[in-house]
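As structure tokens, the structure follows; a few thoughts come after it.
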Amino acid sequence: MSRFILILPLLLLLACGPSGTLPGKGIRVGLDGSISTLDPRFAVGARASRIGPLIYSSLFQLDEKGRLTPDLARTWFQLDEVTYLFRLHKGVCFHDGREVTAEDVQATFSFIMDPRNGSPKRGSYESVRRIEVIDRYSVRFILKEIYVSFPYALTVGIVPKGSPFRRKSPPVGSGPFRLQVWRPGEEVVLVANPNYFEGRPRLDWVHFRILANTTTRLLEMKKGGIDLLQNCVPAYAVKFMRRIPGVRVIKERGITYQYLGYNMTDPIVGHKEVRQAISHAIDSDAIITHTLKGLAVEADGVVLSPLNWAYEGDVSRYDYDPKRAKEFLDAAGFPDPDGDGPCMRFSLSFKTSTDMESREIAQVIKGYLKRVGVGLEVRSFEWGTFFDDIKKGNFQVYSLRWIGVVDPDIFYYLFHSSSFPPNGANRGRYRNPEVDRLLEESRRSADKGRRKRLYSRIQKILAENAVYTSLWYRDNLVVIREVFKGFQIYAGGEYTSLKDIYIEGGEVASSSRP
Amino acid sequence: MRGFFLRRSAILIPTVMGAITLVFFFIHMIPGDPVEVMLGETAQQADKETLREELGLNLPLHIQYGRFIKGVVQGDLGDSYFYRRPVTRVIAERVPATIELALAAFLVAGIIAIPLGIVSALREGTVLDNASVLFSLLGVSMPNFWLGPLLIILFSIELGWFPVSGRGGVGSLVLPAITLGTALAAILSRMTRSSLLERLGEDYLNVARAKGLSEWKVIMKHALRNALIPVITVMGLQFGALLSGAIITENVFSWPGIGTLLINAIEARDYPLVQGCVLFISLSYVLVNLLTDILYGWVDPRIRFRG
């Protein structure tokens, strides 16, 4: 029996996992999932895209409202419809001391555009004919055709020319922080870049910790193990967060758009009146108040939020009106067989993911539809299976959200008849020649006023046809310790403002890593 | 002994191959496209096709399987789609944390279960025995996703003794080990109790007593040693499960082990990583079982291995 004790020293020997203390003052941020890669030429995941601006500078960045603002680009000009000229800031250095030049910009984008490198971002540069280096600090992009949304494609972080491909340690950047440690699935540690061209960050480090379990994230916040949580606190826990001393809960209007999508080829929801009826039957406002605890705003547009320049709010509205919903269903040829009795007009399959909140909302929607005589079979699937079904058109109704939409050109990707999956995200197989024409025209028009008019028209048609049932725009929710000042919520959830935050009074809860 | 090893190794290989073969075909059957997970929905169709070709996913399934088996034989499990690094390295980084947690949970279970089982058997029908039954019922009834946060609230938040989550130092190991080890302790304590009760009525114990041995020696050396054989069998099987099945505990404590890696790999349709994890798990199972058989001989010298 005593030999059993032999395991103990072995255990103690093993129990020497990573630990350490970070010097100076910093902030610990909880993340709700892993990051596959930080290399900006490959990173397509939301988490990597949000951390990216801290490590990498780019020609343009998105500001807190989701607008494009110059970053490495000191000045830029659109010389004609297809030519863009950028002049870079001089003296900006990568974290390894090399200066950022036009050649690095050219190399970064050429790398992405080279099919041999397999970058998932290559599609955004299909319109680029060539990239020319004019001098050490000037670079010119020449497009094959007009593509007015092209500047949005220039928010990719710039890396040094010749940076290796697919390595564990991503290439260096020139952003406010330098990557010090990255343990996939565990943590990302960034330390301040003293030579950052806009001035050294006021914090010495930022420590991102992957805390996939919601309860653990909340308890870490209560214990003081983390200082910031952004958009990863469920609605039900906000009350709990508010009760933690020294912690502030901030909410701001966000651009995440929640909707119901329909299969237009389906014999039931293919009817416009059925979709309109469903839209009228759901009381989004009540769901926001009771299920989402007020952490959303009822959506009155289609996809774009009121923060977007191309947003159109004057579209067909579908206020909660069960009586109207019943009228629409009758008009569509689906009369209620027994009035208020148990028999349904028809039954639909509603697909959603296994996410707890999504399932809860699906059950609420089921209740609303039952009141107008529509049965709903809620089927929740593991994410990969669910998403595969949606792309294949194997659904009647589903619910999903669009996150971080800033470029209205997304309408082409969502509703043009050439965008059926796998070529785009027109998952409902919506087909409307007028919308196709307007979308094509909006891509070619360089006049912003004209584009706005075209997008307004598109949004009105989509709303009138109830292609989506708009539910709500989810608020951005941040829980942060009060000692940290200057944090700004970005519409797309980026952590960019961590470079500007500071600790009031020089006190911080703890600066040690676990 | 040599013959025993050879015979067991001959069984080991087809067992592992069977497990990875089943998983290979199952993971390819479930819906979801790894290329789309890697490139994102917005990627060009041509790029998706190029990548599919590069990864060999355009080939017939039996050819993919042949390549996979060839890789396994050569020790090359390919690159993880998600992490874009060799699978062997990704797994190797997680193995220490997994073994650490499994051993700690095993130790917790052993420390609680065996003394509890002994006391319970020796004091059959008393308050102590009833308390042990209560512990066992609680232990197997409490799910880890509930027990873990409960322990965090008590020992981390209220008492401040241990960190809430993460891996670093012995302190961070305590709560996950208790969470994972409690259910096992409950099972083992009942097994120890019933097995020991059976032995306590045997004649050879009376012989031992007649020889003048103290009661302590009679119990520990003669009764317990025999009683532990079925307990060790269960421990062996459970240790294999601990190596692979700590998914919930790993998730609650943000513990970077194989369990969470496997779940993430399945979600990302990261075929090579799923296969690598399953290979590790099935190998762990069969090796731990082999070790268990060897332990029989250590506990009960009457058991000898024949070739």
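Among the residues of the range A:443-458, the ones that are polar (S, T, N, Q) and surrounded by 19 or more Cβ atoms within 10 Å (Cβ to Cβ) come to 0 in all. Look at (1) within 13 Å of another protein chain (Cβ to nearest Cβ); (2) surrounded by 23 or more Cβ atoms within 10 Å (Cβ to Cβ); (3) of a type outside the set (Asp, Glu) and you find that B:Arg85 fails only one, number (2). Could you check, for the range B:250-261, whether at least one of its residues is within 11 Å of another protein chain (Cβ to nearest Cβ), closer than 30 Å to B:Phe162 by Cα, of a type in the set (Asp, Glu) and assigned to a helix (DSSP H, G or I)? Yes: one or more hits.
Residue count for the range B:262-277 satisfying the condition of being of a type outside the set (Phe, Trp, Tyr), more than 10 Å from B:Phe82 (Cβ to Cβ) and away from every other protein chain (no Cβ under 11 Å): 5. Return yes when A:Glu186 is within 14 Å of another protein chain (Cβ to nearest Cβ) and charged (D, E, K, R) and no when it is not. Answer is yes for this residue. Within the range A:65-76, the set of residues being within 15 Å of the chain's Cα centre (by Cα) and buried (at least 17 other Cβ atoms within 10 Å of the Cβ) comprises A:Gly66 only.
Can you name the residue in the range B:230-283 that is among the hydroxyl-bearing types (Ser, Thr, Tyr) and on the phi < 0 side of the Ramachandran plot and, of all such residues, is farthest from the chain's Cα centre (by Cα)? Steps first, please.
Quick first cut of the range B:230-283, residues among the hydroxyl-bearing types (Ser, Thr, Tyr) only: B:233, B:244, B:249, B:254, B:260, B:271, B:282.
From the residues that got through so far, the ones that are on the phi < 0 side of the Ramachandran plot too are B:233, B:244, B:249, B:260, B:271, B:282.
Details: B:Thr233: 14, B:Ser244: 5, B:Thr249: 12, B:Thr260: 13, B:Tyr271: 22, B:Ser282: 10 Å.
Residue satisfying both the conditions and the ranking: B:Tyr271.
Looking across the range B:54-67 at every residue that is closer than 14 Å to B:Asp270 by Cα and among the hydrophobic types (A, V, I, L, M, F, W, C), the one that is nearest to the other protein chains (Cβ to nearest Cβ) is identified as B:Leu55. List the residue pairs whose Cβ atoms are under 6 Å apart, where the first residue sits in the range A:92-109 and is assigned to a loop (DSSP other than H, G, I, E, B), the second is surrounded by fewer than 19 Cβ atoms within 10 Å (Cβ to Cβ) and not aliphatic (A, V, I, L, M), and the two are 6 or more positions apart or on different chains. Once the first residue is assigned to a loop (DSSP other than H, G, I, E, B) and sits in the range A:92-109, its partners that are surrounded by fewer than 19 Cβ atoms within 10 Å (Cβ to Cβ) and not aliphatic (A, V, I, L, M) give A:Val92/A:Phe197; A:Thr101/A:Arg136. Per the listing A:Tyr412, A:Tyr398, A:Tyr455, A:Tyr368, the residue uniquely outside any loop (DSSP other than H, G, I, E, B), within 14 Å of chain B (Cβ to nearest Cβ) and of a type in the set (Ser, Thr, Tyr) is A:Tyr412. Of the strands (runs of 3 or more DSSP E) entirely within the range A:216-298, those holding at least 3 residues that are under 25 Å from A:Ala466 (Cβ atoms) occupy A:247-262, A:296-298.
Per this entry, B:Ala186 is not counted among residues that are touching a residue at least 24 places away in the same chain (Cβ under 8 Å), under 23 Å from the mean Cα position of the chain (by Cα) and within 12 Å of chain A (Cβ to nearest Cβ).
Every condition in (1) of a type in the set (Lys, Arg); (2) assigned to a loop (DSSP other than H, G, I, E, B); (3) within 11 Å of chain B (Cβ to nearest Cβ) is met by A:Lys391 except one, and the failing one is (2). Applying the condition of being part of a helix (DSSP H, G or I) and among the hydroxyl-bearing types (Ser, Thr, Tyr) to the range B:5-51 and asking which residue is nearest to the other protein chains (Cβ to nearest Cβ) yields B:Thr50.
When the residues of the range B:141-173 are narrowed to those that are of a type in the set (Phe, Trp, Tyr) and within 17 Å of B:Glu250 (Cα to Cα), which ends up nearest to the other protein chains (Cβ to nearest Cβ)? Filtering the range B:141-173 for residues that are of a type in the set (Phe, Trp, Tyr) and within 17 Å of B:Glu250 (Cα to Cα), the one nearest to the other protein chains (Cβ to nearest Cβ) comes out as B:Phe145.
Yes or no: A:Gly91 loosely packed, with under 14 Cβ neighbours inside 10 Å, at pLDDT below 95, not assigned by TED's automatic domain parsing to the domain that holds A:Val405 and not hydrophobic (A, V, I, L, M, F, W, C)? In short, yes.
Looking at A:Arg457, A:Arg443, can you tell me which residue is touching a residue at least 24 places away in the same chain (Cβ under 8 Å) and of a type outside the set (Ser, Thr, Tyr)?
Values: A:Arg457 fails: touching a residue at least 24 places away in the same chain (Cβ under 8 Å).
None of the others qualify; the one that does is A:Arg443.
Of the residues A:Pro170, A:Pro194, A:Pro201, only one is outside the structural domain of A:Ala237 (by TED's automatic domain parsing) and either modelled with pLDDT under 90 or over 25 Å from B:Glu250 (Cβ atoms) (or both); which?
A:Pro170
Among the residues of the range B:224-249, which ones are hydroxyl-bearing (Ser, Thr, Tyr), away from chain A (no Cβ under 12 Å) and either crowded, with 19+ Cβ neighbours inside 10 Å or touching a strand residue (DSSP E or B) at 6+ places or on another chain (Cβ under 7 Å) (or both)? Hit for the range B:224-249 is B:Ser244, nothing else.
Yes/no per residue for (1) modelled with pLDDT of 95 or more; (2) away from chain B (no Cβ under 11 Å); (3) closer than 30 Å to A:Gly224 by Cα; (4) surrounded by 20 or more Cβ atoms within 10 Å (Cβ to Cβ):
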| residue | (1), (2), (3), (4) |
| --- | --- |
| A:Leu14 | no, no, yes, no |
| A:Leu22 | no, yes, yes, no |
| A:Gly33 | no, no, yes, no |
| A:Ala43 | no, no, no, yes |
| A:Leu54 | yes, yes, yes, yes |
| A:Asp63 | no, yes, yes, no |
| A:Val82 | no, yes, no, no |
| A:Val105 | yes, yes, no, yes |
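Checked against the criterion of being of a type in the set (A, V, I, L, M) and crowded, with 21+ Cβ neighbours inside 10 Å, the candidates A:Leu143, A:Leu179 yield just one match: A:Leu179.
Would the range A:167-174 turn up any residue that is in a strand (DSSP E or B) and away from chain B (no Cβ under 14 Å)? Among the residues of the range A:167-174, not one is in a strand (DSSP E or B) and away from chain B (no Cβ under 14 Å), which makes the answer no. Within the range A:99-122, the residues that satisfy the criterion of being closer than 16 Å to A:Val44 by Cβ and aliphatic (A, V, I, L, M) are A:Ile112, A:Met113. Of all residues in the range A:373-386, none that is closer than 20 Å to A:Ser279 by Cα has its Cβ atom under 7 Å from the Cβ atom of a residue that is outside any strand (DSSP E or B) and aromatic (Phe, Trp, Tyr), 6 or more apart or on another chain. Residues of the range A:426-452 that are part of a loop (DSSP other than H, G, I, E, B) and touching a helix residue (DSSP H, G or I) at 6+ places or on another chain (Cβ under 8 Å): A:Asn426, A:Arg427, A:Tyr430, A:Arg431, A:Asn432, A:Ser445.
Here the range A:183-242 is the region considered, the condition is being in contact (Cβ under 8 Å) with a residue 40 or more places away in the chain and at positive phi, and the residue that is surrounded by the most Cβ atoms within 10 Å (Cβ to Cβ) is A:Gly185. Taking the listed residues A:Val378, A:Val397, the one that is over 28 Å from A:Pro120 (Cα atoms) and surrounded by 19 or more Cβ atoms within 10 Å (Cβ to Cβ) is A:Val397, with no other qualifying.
The values are calculated or read from the model by the stated rules, or taken from the named source; none is laboratory data. Note that the coordinates shown come from a computational prediction; the quantities given were computed from them, not determined experimentally. Reconstructed Cβ throughout: ideal geometry from the backbone, glycine too, with neighbour counts over all protein chains shown.
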